[in-house]
Structure formats: structure tokens, C-alpha cells
Amino acid sequence: MQWMTLFQKELLENWRNKKWIWVPLVIILLSIMDPLTTYYLPQIIDSVGGMPEGSVIEIPEMEPTQVIMMSLSQLSSLGVLVVVLVLMGTIAGERKSGVSELVLVKPVSYINYISAKWVSYLLLVWVSLFLGLLVSWYYINILFGTLTIGEFLTLFFFYGMWLTLVVSLTIFYNTVFKSAGLVAFFTILTVMVMSIITQIFQHVLDWSPNNLSSYILESLSSGEISSDLLATSAVALGLSVIFLLLAIQVFKRKEMVV
């Protein structure tokens with residue numbers, strides 16, 4: 001009952017802050033931006049004056065799987081940034097303002113407090129991702145060719161594992177720092193460092209979560225879910241749980257010291 005009360009509180013707060021409106025809208029915009037721009041590029045060029053006389057622009061035909069990966073590319077950069085910005089003050093802000101102390105004095109379980117926030121933001125991110133990819137999938141099927149519902153669900157589910165890790169990482173840094181700016185900085189820095197390490201040690205880090213997008217593309221191209229994709233998703237989920245558990249322990253230690 002306590003956990004459900006906290007969970008409902010988080011959902012209501014996100015609704016009042018309009019996060020349930022603007023976050024899905026931003027994710028939808030990021031998801032459809034590249035597919036629509038690619039398809040209508042000749043018309044866009046003509047509308048701004050066209051190419052110099054004698055110039056010819058040839059746009060190669062793209063497969064639907066290639067186009068949907070363009071959506072993932074946007075989500076992997078700007079989408080991750082949006083997720084971090086949405087979460088960067090969820091706990092850090094309450095700790096800084098003293099709200100967390102008022103909530104925990106009830107008493108409220110540290111596990112319930114952290115996990116309720118984690119699940120509420122996972123719900124927000126997964127729903128936003130679903131809507132964004134759904135709109136992108138719709139336009140791709142109209143403009144570029146057929147992308148099956150199975151391919152769409154594969155893309156949605158496995159890429160959701162990556163965003164789950166980003167959410168968990170941000171929640172963890174929320175318990176480490178009281179400054180929302182530091183939370184955002186270290187979360188993005190960690191994602192960048194993970195990417196660099198994965199590129200350097202690619203030969204031994206086959207199952208790094210940063211490889212999820214490439215394995216998703218391979219699975220869409222082959223029509224089969226590879227063992228590498230399953231293993232990499234499992235690693236991402238495992239790291240998410242570890243960061244959640246670390247967040248609970250760090251938060252508990254810091255609050256008990258206070």
C-alpha cells in the first residue's frame with residue numbers, strides 16, 4: 001500500500017508538471033524528424049531556392065530498417081539527453097529542498113521511495129518511446145516500405161532496455177548529488193565513457209549495452225533475434241538493477257547520516 005501510494009504520487013506529480021504531455025511529444029518529434037526530412041529533402045531544397053544550375057542531387061533509396069535506425073540515432077543522442085534532463089532533479093531536488101526528509105519521516109521505506117520513482121519514470125519513458133517509434137513506424141510504412149509489427153516490437157522492446165539503463169543511472173546519481181546539474185553532467189559523462197570504452201575494447205566487450213543499436217539493426221536485417229542481442233539486453237537489465245540497488249544503499253546511508 002505504501003509503495004502504491006508513492007507510485008501514484010509520482011504519476012500525479014509528473015502529470016501536474018506536464019511531463020506526460022511534453023516528454024512524449026519531444027520523443028515523437030525526434031523519432032520522425034530524420035525519416036520525414038530524408039523523404040522530403042528534394043522538396044525542402046526546392047523551397048529554399050533549389051540547387052545551383054547544373055547541380056544534381058541523388059538520394060539513394062533506403063530500406064525501412066535503415067530509416068527506422070535513423071530514428072534510433074536521434075533517440076540515442078538527443079533522446080537520452082531529454083531523459084536525463086527529465087530525471088535529473090527527481091531526487092536531488094527533493095533532497096536539496098528538504099522534501100525527501102518530510103516524506104521519509106512518515107516513516108517511508110527507502111526501497112519504496114526510490115523504486116516508486118524508478119518505476120514511475122520507467123513508465124513515462126517506455127510509453128514515450130512506444131509512441132515515438134509508433135508514429136515513426138507509421139510514416140516509414142507509408143513513405144519507404146513495409147516494416148512489420150514484429151520488427152517494430154523488437155525495436156521497441158530491446159531499445160527500451162537501453163533507456164532503462166539510462167533511467168537507472170540517472171536515479172543513481174540523484175542519490176549521490178544534491179545538484180541537478182551534477183546529476184546530468186555525470187550521467188552523460190558515464191554514457192560517453194561507456195561508449196568510448198566499448199569502442200576501444202570492442203573485441204572483448206561484445207555484450208556492452210552500447211552495442212544494442214547495432215545488434216538491433218542486425219536482427220532487423222536478418223529477421224532473427226540474435227543471441228548477442230539477448231545477451232546484451234540481459235547485461236543492460238542487470239546493470240539497471242545494480243544501479244537501482246546502489247541508489248537505495250547510497251540514499252539510505254546519506255539520509256541516515258543527516
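Things worth noting here:
- Test: residue in segment 191-205 that is under 30 Å from Lys9 (Cβ atoms), of a type outside the set (Asp, Glu) and within 19 Å of the chain's Cα centre (by Cα): yes
- Helices (runs of 4 or more DSSP H) within segment 87-198 that include 1 or more residues closer than 23 Å to Leu239 by Cα: 92-97, 110-143, 149-176
- Of residues in segment 38-72 being outside any helix (DSSP H, G or I) and under 28 Å from Thr146 (Cβ atoms), the one modelled with the highest pLDDT: Glu63
- In segment 101-147, the qualifying residues are those that are farther than 30 Å from Ser71 by Cβ and buried (at least 22 other Cβ atoms within 10 Å of the Cβ), and the one that is modelled with the lowest pLDDT is Tyr113.
- Only one of Leu169, Leu153, Leu143, Leu147 that is within 22 Å of Ser226 (Cβ to Cβ) and either touching a Pro at 6+ places or on another chain (Cβ under 8 Å) or touching a residue at least 12 places away in the same chain (Cβ under 8 Å) (or both): Leu147
- Residue-level check: of (1) buried (at least 16 other Cβ atoms within 10 Å of the Cβ); (2) part of a helix (DSSP H, G or I); (3) among the aliphatic types (A, V, I, L, M), Val241 misses just (1).
- Residue match in segment 206-222 (condition: of a type in the set (D, E, K, R) and not in a loop (DSSP other than H, G, I, E, B)): yes
- Check on Ala236, crowded, with 20+ Cβ neighbours inside 10 Å, assigned to a helix (DSSP H, G or I) and in contact with a Pro (Cβ under 8 Å, 6 or more places away or on another chain): yes
The values are calculated or read from the model by the stated rules, or taken from the named source; none is laboratory data. The model shown is predicted, which means the values in this text are computed figures rather than measured ones. All Cβ positions, even for glycine, are placed from backbone atoms using ideal geometry, and neighbour counts span all protein chains on display.
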